[in-house]
Amino acid sequence: MTRTLYFRIVLTFIGIVILSCIVSFFVSGQLFKREATAQMLDDMLQSGQTMIQLLKEPDLKKPELYLIRMANQSNYAVTIYNTNGEVRKYDTLPRDNIRPIPNQTIQEVLSGEIYYSANQLMPVAPDQAYVGLPYEQDGKKYALFIQPNFEVRNKQLYLLPITVISIIIGIGSIMTFLLSRFIVNPITKLAEATLEMSTGNFNVQVPIRRSDELGLLAQSFNHMAGELRQLEQMRQDFISNVSHEIQSPLTSIRGFSEALKEPAMNHKERLHYLEIIETESERLSRMVDNLLRLTSLESGQQPNPAELFDLDEELRKVVIVNHLLLMQKEIEYDLFLPKTKIIGNKDQLFQIWTNLIHNSIKYTPKGGYMYIKIKKDGNYVRIRFTDTGVGIPPEDQAHIFERFYKVDKSRDRSVGGNGLGLAIVKKIVEIHQGKIELESEVGKGTTVTILLPSSNAS
């Protein structure tokens, strides 16, 4: 309990409040002590003058009673001296802490001088402050001295500040408890959510709606949880897809390998089964190669040497390489390839052109049409691949560049695809700080546009 952040914040705040009140009390006391003493001396002077008037009032019976009442109410010790050495006390207050008045001062006042300790050059201590007033009555000289009773006055003087400080500490403590919970509770929720996330539960969310730093921290945590949740889903999908893609050719290879063991199988059937095993092995090899290539691109381990080369020549080269496939499916094609130089990784970009032209050939029916065009467009160079293939449904277009995503799994398998080609294309485009656009309509065809920024073009 004592090690919790909540306890430490509460204890720190209360300590600050108490320390501030104590320091303020003593500092203010020192600052106002002299002024308070001067005000007290003025009050004693006025009280003394009032008392002398009462003593001289001829019609007032027993003025001594009024003096005692005034002295007790004001917490002043009132003493009257005469020339005969007589001393009369007009109060009922304890005098244990009242210092005796020096005889020299008494004689000075009896001779007609007014003693006012604030007139001294050096600041007077409160317990040394008193007032002496001379007066005459019935031909006799008297000296009236008024002294403060500090035991009583200090109790009254410090009662109010102590009460105020106690109230401040009490209210401050309550507010500290409440505010500390307001501060600590979100941190506690974050700690609980972090612990929950460490167990593998990425669906956790921190329900904090605040606009301060803690609210920003909660939003960042929720965003992080969402990203981790998405990564975990991608990881699970990746494992599932890889397992499925590997399992399919392995199942075929195992099945036809078992069939080859049959002694009654003729030579023609045996060659046919061997061709199927070879095809499935090649498909498995391509998938592994694509996985390694994509992993290398995403990890940044693959070098990216940039060089200046002729983009139009590279596109003509990829068409020439795939000319036989185009002829086999009787696909007509047009090329609009003006002289264009770009800066980039020639080998990586060649993978893009190869993937795109292979997709066009795969998914364009026999007797279809394909069109490749280069166009300089402002800050970009556009490389457009257009075909009259089967097209991509609108609901699939947003996912077509995701790894292992297939629009039609049965169709894809028949043409040897594994759902990694376009993911590789997108990654290479991103490495070259470019963009990729897709336009497609089912039954009419697809257009894929690669945009390279002007920094890569010349």
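The values are calculated or read from the model by the stated rules, or taken from the named source; none is laboratory data. Small disclaimer: the values here were computed from a predicted structure and weren't measured. Cβ: placed from backbone, ideal geometry, glycine included. Neighbour counts: every protein chain shown.
For the range 373-417, taking the residues that are outside any loop (DSSP other than H, G, I, E, B) and within 20 Å of GLN233 (Cβ to Cβ), the one that is modelled with the lowest pLDDT is identified as LYS409.
Just one of the listed residues (LEU60, LEU121) is over 60 Å from the mean Cα position of the chain (by Cα), assigned to a loop (DSSP other than H, G, I, E, B), at pLDDT below 85 and closer than 23 Å to THR37 by Cβ, namely LEU121. Criterion first (under 29 Å from SER24 (Cα atoms), surrounded by 15 or more Cβ atoms within 10 Å (Cβ to Cβ) and either of a type outside the set (Val, Ile, Thr) or modelled with pLDDT of 80 or more (or both)) does ASN149 satisfy it? Judged against the criteria, ASN149 is a match. Got at least one residue in the range 218-234 being surrounded by 14 or more Cβ atoms within 10 Å (Cβ to Cβ), within 50 Å of the chain's Cα centre (by Cα) and over 30 Å from LYS426 (Cβ atoms)? Yes, the range 218-234 contains a residue that is surrounded by 14 or more Cβ atoms within 10 Å (Cβ to Cβ), within 50 Å of the chain's Cα centre (by Cα) and over 30 Å from LYS426 (Cβ atoms). When the range 199-214 is filtered for residues that are over 16 Å from GLN230 (Cα atoms) and free of Cβ contacts under 8 Å to residues at least 12 places away in the same chain, the ones remaining, listed by number, are THR199, ARG209, SER211, ASP212, GLU213. Any residue that is at pLDDT 90 or above and in a helix (DSSP H, G or I) - is there at least one of those in the range 293-300? The answer is no, given that none of the residues of the range 293-300 is at pLDDT 90 or above and in a helix (DSSP H, G or I). Is it the case, given these coordinates, that ILE342 is of a type outside the set (D, E, K, R), more than 27 Å from LYS444 (Cβ to Cβ) and either in the same structural domain as ILE450 (by TED's automatic domain parsing) or not in a strand (DSSP E or B) (or both)? In short, yes.
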